[in-house]
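Heads up, the thing below is written out as structure tokens.
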Amino acid sequence: MKFSKKDHKPMGSFDLIEPGDYRAIIIDADWKDNAAKTGKYLKIQFELTDSTVQGRYLWSILNLKHTNETAVGIACSEMVSIQDAIGVDIVFETDKDDEMHALGQALLHKRLLVTVGVEKRKDTGEMQNRIKAYAGLESGSKAAGKFTPTGDDDLPF
């Protein structure tokens, strides 16, 4: 591999993003096995596009196939909020790999508004950003895409 500094940008900041509403685009949506191999989750990567935070990334992990029904319910609520925000209605079965793959692909390159908050991680005590709500860009209202994340629960993932 040949490296030249002129071919790359310097590393960006990892400081917390100020809580608020930001325009974003979904740039990746990939299914992965959970650590216990008891289910699958959809890992969605969002790139923020507002000038003050342009190029920053946030992720959401949706446990749509899991042995814990509470985890699945939370993930389904978040998926409804995302689909409402991007204006799609995608029906899929988590037992069908082709439908799960199609769902991930259907989310790509969709633009939306995300409400970013800050919360304390249970495992390290460090503060981190988390998406708290989703809305369509045209609506500008986060109420339609609001869900209730429960990052303080004791779910096994």
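Comparison of ASP152, ASP123 shows that the only residue that is over 16 Å from ILE25 (Cα atoms) and modelled with pLDDT of 80 or more is ASP123. Are any of the residues in region 54-74 within 16 Å of the chain's Cα centre (by Cα), within 18 Å of ARG130 (Cβ to Cβ) and basic (Lys, Arg)? Yes, some residue in region 54-74 is within 16 Å of the chain's Cα centre (by Cα), within 18 Å of ARG130 (Cβ to Cβ) and basic (Lys, Arg). Scanning region 115-129 for residues that are within 23 Å of LYS32 (Cα to Cα) and either among the hydroxyl-bearing types (Ser, Thr, Tyr) or surrounded by 18 or more Cβ atoms within 10 Å (Cβ to Cβ) (or both) yields a count of 1. For region 87-110, the set of residues classified as surrounded by fewer than 16 Cβ atoms within 10 Å (Cβ to Cβ) and either under 19 Å from ASP21 (Cβ atoms) or of a type in the set (A, V, I, L, M) (or both) consists of GLY87, VAL88, ILE90, VAL91, ALA102, LEU108, listed by residue number. Count of region 26-39 residues, restricted to those that are surrounded by fewer than 16 Cβ atoms within 10 Å (Cβ to Cβ), part of a strand (DSSP E or B) and touching a residue at least 12 places away in the same chain (Cβ under 8 Å), is 3. With respect to the conditions (1) of a type in the set (Asp, Glu); (2) more than 18 Å from ALA106 (Cβ to Cβ); (3) within 10 Å of the chain's Cα centre (by Cα), GLU78 lacks only one, and its number is (2). Residues that are of a type in the set (Phe, Trp, Tyr) and without any contact (Cβ under 8 Å) to a residue 24 or more places away in the chain: does region 4-17 have at least one? Yes, the conditions are met somewhere in region 4-17.
Within the option set ASP21, ASP50, ASP84, being assigned to a helix (DSSP H, G or I) and surrounded by 12 or more Cβ atoms within 10 Å (Cβ to Cβ) holds for one residue only, ASP84.
The values are calculated or read from the model by the stated rules, or taken from the named source; none is laboratory data. Computed from a predicted structure; not experimentally measured. FYI the Cβ positions are ideal-geometry reconstructions off the backbone, even for glycines, and counts take in every protein chain you see.
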